[in-house]
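Report on the following structure.
The values are calculated or read from the model by the stated rules, or taken from the named source; none is laboratory data. Just so it is clear, the structure is predicted and the values come from calculations on it, not from any experiment. Glycine gets a Cβ as well: all are built from the backbone with ideal geometry, and neighbour counts include every protein chain shown. We work out accessible area using only protein heavy atoms, side chains counted, and drop any ligands, DNA or RNA first. Shrake-Rupley method; radii C 1.70, N 1.55, O 1.52, S 1.80 Å.
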Amino acid sequence: MKWNDPGRDAYLQMRERATQNERAFQGQNAPKERKPWRDRLYGGLKGKVTVKTMDVIIGATIALIVLVVIIGIVS
């Protein structure tokens with residue numbers, strides 16, 4: 001199959017439109033409310049690790065990366 005097959009492109013566009021129409025008909029096309037960035041970032045860890053603990057872990061990781069870069073520049 002060629003990478004620029006117009007028949008395949010037309011078929012894929014047709015399928016995408018059909019899927020969109022199907023979702024619109026079923027009412028699934030309504031925009032979903034977007035969660036805040038902290039909920040999206042820490043959502044899987046909710047109840048297991050506190051946000052404050054994750055902030056400490058992220059801060060320590062950034063500090064270690066900066067330290068490694070500085071050691072790499074010096075040596």
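Put a plus charge on the Cβ of each Lys and Arg, a minus charge on the Cβ of each Asp and Glu, and nothing anywhere else: the dipole of the chain about its Cα centre is then about 240 debye. Potential lengthening of the chain between residue 13 and residue 25 amounts to 2.5 nm, from the contour at 0.36 nm per residue minus the alpha-carbon distance.
Counting only protein heavy atoms and a probe of 1.4 Å, the accessible surface of the chain is 62% carbon and sulfur. Each stretch of four or more DSSP H residues adds -39500 (n - 2.57); spread over every residue of the chain, this sum gives -23000 deg cm²/dmol at 222 nm. Cross-link partners for residue 52 among the aspartates and glutamates, with Cα-Cα distance under 19 Å and sequence neighbours closer than 8 places in the same chain left out: 39.
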